[in-house]
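Have a look at the structure below before the remarks.
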Amino acid sequence: MSLSQQAPILELNRDILWEIFGRSDSLNEIRRLSHVCWKWREILLESSTLWARNVDLDALDQKSDCWRNLVLERTGKAMLCVTGRGLVLSSKTPLFDFVADVLDKHWTRIRVLKIDMNLVDSDHERIRQAFDRPAANLQIFSYVSGTLGRAVLPQNLMPNFQLCTDTRRPSWSYMSLLFSRSISPLQHQHFS
């Protein structure tokens, strides 16, 4: 009995497999799927959109740059969805350089940016500079920082946002749905 007779899923055509893979919302899941068989790997490696939708900084927080660079390469020119939860970044960590480079070199490709991070002894300016530029494709922006406050989000980025006093930590909340022209496609925003 051949392998294809034992596993009917291996008989599915590329379109159906791509539809199944398109439901993946985890970088680690995509990585595991790409190691199942040559057919799945080929489909996944050709799907820059799938990789671009899953630029998960938590999964990319490794000592070596190899996996981070490979994932970024696999995104091709597709719009990026960059996420990260509870990151503690220091200028001494490789992930800090990766985050700063993605924000610097790929800012115009970022469609979704959802990050929660604390910068410890880091070069805040490298992160802040990305926010000073127009973000024509940015649709969802969620930024939480326990240490940066105004140092990263200058008032001119979101002129319609006001700093709210909170005894727990600084936060920005929106006062209207009017945005500066530099980020007009923005559909959702969250700051704290």
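The values are calculated or read from the model by the stated rules, or taken from the named source; none is laboratory data. Quantities reported herein were computed from a predicted structural model and do not represent experimental measurements. Neighbour counts run over all protein chains shown; Cβ positions are idealised from the backbone, glycine included. To get the accessible areas, we keep the full protein, side chains included, count just its heavy atoms, and leave off ligands, DNA and RNA. Shrake-Rupley method; radii C 1.70, N 1.55, O 1.52, S 1.80 Å.
Rolling a 1.4 Å probe over the protein heavy atoms gives region 7-46 an accessible area of 67 Å² per residue. A simple charge model with +1 on the Cβ of Lys and Arg, -1 on the Cβ of Asp and Glu and nothing else charged puts the dipole of region 56-146 at about 340 debye relative to its Cα centre. In the structure shown, do any of Lys39/Lys63; Lys63/Lys105; Lys92/Lys114 have a Cα-Cα gap over 26 Å, and if so which? Violating the 26 Å Cα-Cα cut-off are Lys39/Lys63.
Calculate the FRET efficiency for Trp18 and Lys77 from the Cβ-Cβ distance with a Förster distance of 22 Å, rounded to the nearest 0.05. Plugging the Cβ-Cβ distance into 1/(1 + (r/R0)^6) gives 0.75.
When the solvent-accessible area of region 7-46 is split by element, carbon and sulfur atoms take up 54 percent of it, the probe being 1.4 Å. Peptides 108-119, 76-87, ordered by how many other C-beta atoms sit within 10 Å of their residues on average, highest first, read 108-119, 76-87.
Note on region 61-136: with neighbouring protein chains present and a 1.4 Å probe, carbon and sulfur make up 52 percent of its accessible heavy-atom surface. Over region 89-146, accessible surface divided per residue gives 41 Å², non-protein components excluded, 1.4 Å probe.
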